[in-house]
1. Sequence neighbours fewer than 8 away in the same chain don't count; with that in mind, list the lysines whose C-alpha is under 25 Å from Lys64.
2. Gain in length, Asn56 to Glu88, computed as 0.36 nm per residue apart minus the alpha-carbon separation, to one decimal in nm?
3. Quickly work out the Ser17-to-Arg66 label distance, labels modelled 7 Å from Cα along the C-beta direction, and quote it in nm with one decimal.
4. Given a 1.4 Å probe, how much area per residue of the chain is accessible, in Å²?
Amino acid sequence: QVQLVESGGGLVQPGGSLRLSCAASGSWFSINVMGWYRQAPGKERELVGAIISGGNTVVTESVKGRFTISRDNAKNTVFLQMNSLKPEDTAVYYCNVGATPRRDQDAVAYWGQGTQVTVSS
């Protein structure tokens, strides 16, 4: 079982920055991918970015050049550095981890509780 604890959300003015963190704890055979999704009011949840175990990253087009995803393997923590924030970035941001609980089990997707990011003047 994997538990995820997120931190770092809040209220920021347009053009500002925030850094989200998500720490994984518990037990697993392997963590395959760590990433972030977001869901704005009235919209579907969408992928923001992800980092796979080999270190390759992907971010959605709307945040390229502004958001960076990184990972501290020693601390099982994934970060989302968000710069040049826009009002349209306002959403609840969810940490997502794909992990294999045991060697003989299929991978499972785990979700954090969500953290609110509000970009407003």
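The values are calculated or read from the model by the stated rules, or taken from the named source; none is laboratory data. Because the structure is predicted, anything quoted here is derived from the model rather than measured. Note that each Cβ is placed from the backbone with ideal geometry, even for glycine, and that neighbours are counted across all protein chains shown. Remember, those area values only see protein heavy atoms, side chains included, never the ligands or the DNA or RNA. Shrake-Rupley method; radii C 1.70, N 1.55, O 1.52, S 1.80 Å.
1. Reachable lysines: Lys43, Lys86.
2. Numbers: separation 32, 0.36 × 32 = 11.52 nm, distance 2.62 nm.
Taking Asn56 through Glu88 to full extension adds about 8.9 nm, to one decimal.
3. It is 1.5 nm.
4. 53 Å²
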